[in-house]
Amino acid sequence: MNLVENLQWRYATKKMNGKTIPQEKLDYILEAARLAPSSSGLQPYKIFVITNEVLLQKIKPVAWDQSQITDASHVLVFAAWDGYSLDRIESVFNYTVQERGLPPETMDAYKEKLWGMYEPLSTEWHANHAAKQAYISFGMAIAAAAEQKVDATPMEGFIPEAVDELLGLKEQGLKSNLILTLGYRDEAGDWLVNMKKVRTPKEEFITEIK
């Protein structure tokens, strides 16, 4: 199946059956998320892969009691930087030039230009910009899951501050933005499983400018 066919197959699974997905499928999905593009290649976010039942039972109430939290095989929390800093940018750039075997000063000019743009901006702007990069990775993970025939439920319906506390994210300079549950659909218990996929018609969604 091609990507479009896989995306036609997937849907936001409302009920999962508790079956565990194979490790190689999970690895594939996480690698797709890791390889996602991000602004200036900073990847200002991390992914927490949660299977701990005690922790998931604590997350569920602050995620609107969505059953997928505890019925999924794995729960992924995407957490973005709470802000940019020169140290954070330098750390990424230093690693990049090291991995590419380039002189240490290769990215200095770009680093200074980038920080010159980011530094005057608000902490809120920083956090929002970093979160947008996490969304790109999130989308790649959803597409990869569909390719692997793994069901996924994207979630914004949770209390970020509560999840941050449960995962100790504040101490790591992170804020939770998104949750993605991975597993397999409960064919008998999911009311959405056989519903028609509905999207905005192509002629309304796409505007061609020639």
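The values are calculated or read from the model by the stated rules, or taken from the named source; none is laboratory data. Bear in mind that the values here come from a model prediction, so they are computed numbers and not experimental data. FYI the Cβ positions are ideal-geometry reconstructions off the backbone, even for glycines, and counts take in every protein chain you see.
Scan region 185-210 for residues that are over 18 Å from Asn6 (Cβ atoms), of a type in the set (Lys, Arg) and assigned to a loop (DSSP other than H, G, I, E, B) and the total you get is 1. Within region 69-87, being more than 11 Å from the chain's Cα centre (by Cα), among the small types (Gly, Ala, Ser) and either in a strand (DSSP E or B) or more than 22 Å from Arg185 (Cβ to Cβ) (or both) holds for Gly83, Ser85. Looking at Ser137, is it in a helix (DSSP H, G or I), within 23 Å of Ser73 (Cβ to Cβ), of a type in the set (S, T, N, Q) and at pLDDT 95 or above? Yes, satisfied. For Tyr110, state whether it is on the phi < 0 side of the Ramachandran plot, in contact with a His (Cβ under 7 Å, 6 or more places away or on another chain) and not acidic (Asp, Glu). Spelling it out, it is not the case that Tyr110 is on the phi < 0 side of the Ramachandran plot, in contact with a His (Cβ under 7 Å, 6 or more places away or on another chain) and not acidic (Asp, Glu). Counting the residues of region 23-48 that are surrounded by 12 or more Cβ atoms within 10 Å (Cβ to Cβ) and assigned to a loop (DSSP other than H, G, I, E, B) gives 5. The residue list Thr51, Thr20, Thr13 contains one member that is closer than 15 Å to Leu182 by Cβ, of a type outside the set (A, V, I, L, M, F, W, C) and buried (at least 20 other Cβ atoms within 10 Å of the Cβ), which is Thr13. Checking each residue of region 84-94 against the condition of being of a type outside the set (Ser, Thr, Tyr), over 30 Å from Leu121 (Cβ atoms) and modelled with pLDDT of 95 or more gives no match. Identify, from the list Asp108, Asp71, the residue that is crowded, with 16+ Cβ neighbours inside 10 Å, of a type outside the set (S, T, N, Q), at pLDDT 95 or above and more than 27 Å from Glu171 (Cβ to Cβ). So the residue among Asp108, Asp71 that is crowded, with 16+ Cβ neighbours inside 10 Å, of a type outside the set (S, T, N, Q), at pLDDT 95 or above and more than 27 Å from Glu171 (Cβ to Cβ) is Asp71.
Being in contact with a helix residue (DSSP H, G or I) (Cβ under 9 Å, 6 or more places away or on another chain) and part of a loop (DSSP other than H, G, I, E, B) is the filter; apply it to region 165-184 and report the residue that is surrounded by the most Cβ atoms within 10 Å (Cβ to Cβ). Of everything passing the filter in region 165-184, Leu169 is surrounded by the most Cβ atoms within 10 Å (Cβ to Cβ). Against the conditions (1) in a helix (DSSP H, G or I); (2) within 18 Å of Leu42 (Cα to Cα), Ile142 satisfies every one except (2). Pairing residues of region 20-48 that are over 24 Å from Val163 (Cβ atoms) with residues that are among the β-branched types (Val, Ile, Thr) and surrounded by 13 or more Cβ atoms within 10 Å (Cβ to Cβ), at Cβ distances under 6 Å and at least 6 apart in sequence or on separate chains, gives Lys25/Val150.
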